[in-house]
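**Q** Pasting a structure below so you can have a look.
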Amino acid sequence: MRPVFVQFRCAPGRTYDVADAIYDREVVSELYSTSGEYDLLAKVYIPEEADVGHWLNENLFGIDGIVRTLTTMTFKAF
């Protein structure tokens with residue numbers, strides 16, 4: 001499994017709705033509310049054989065209320 005971090009910017013007043021929808025899909029290992037440019041930060045484990053963009057698009061990015069995302073790929077743990 002490959003860990004990937006995804007930040008979500010939500011439409012005003014929709015952060016809790018988006019967070020609930022993300023948890024309902026049962027695909028994130030951790031989900032945090034954050035300050036700054038983005039509202040939520042998720043840690044996701046994606047199967048090694050899966051295409052990351054396609055997997056995220058199918059499992060998370062269709063949630064209503066998401067305005068923008070920022071995906072950070074990981075390569076090696078130290």
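**Q** Could I get the Rg over Rh figure for the chain? Both from C-alpha atoms, Rh via Kirkwood, rounded to two places.
**A** 0.95
**Q** Further question on the same structure: With the full set of protein chains in place, find how many percent of the accessible area of the chain is carbon and sulfur; take the probe as 1.4 Å.
**A** 51 percent
**Q** Taking only DSSP H segments of four or more residues, each worth -39500 (n - 2.57), what value at 222 nm results for the chain once the sum is divided by all its residues, to the nearest 500 deg cm²/dmol?
**A** -6500 deg cm²/dmol
**Q** Tell me, which longest segment in the chain has none of the trypsin sites (Lys or Arg not before Pro) that fall in DSSP loops with at most 14 further Cβ atoms within 10 Å?
**A** The segment 26-75 is the longest one with no such site.
**Q** Taking 22 Å as R0, compute the FRET efficiency from the Cβ-Cβ separation of Glu30 and His54 and round it to 0.05.
**A** 0.50
**Q** What whole-number value in Å² describes the accessible area per residue of the stretch 1-72 for a 1.4 Å probe?
**A** That works out to 60 Å² for each residue.
**Q** As an exercise, identify the GluC sites (Glu not before Pro) in the chain lying in DSSP coil whose Cβ has no more than 13 other Cβ atoms within 10 Å.
**A** Glu26, Glu37, Glu48, Glu49
The values are calculated or read from the model by the stated rules, or taken from the named source; none is laboratory data. Since we're looking at a predicted model, the values are computed, not measured. Ideal geometry is used to build each Cβ from the backbone, glycine not excepted, and the neighbour counts take in all protein chains shown. Only protein heavy atoms, including side chains, enter the accessible area calculation; ligands, DNA and RNA are left aside. Shrake-Rupley method; radii C 1.70, N 1.55, O 1.52, S 1.80 Å.
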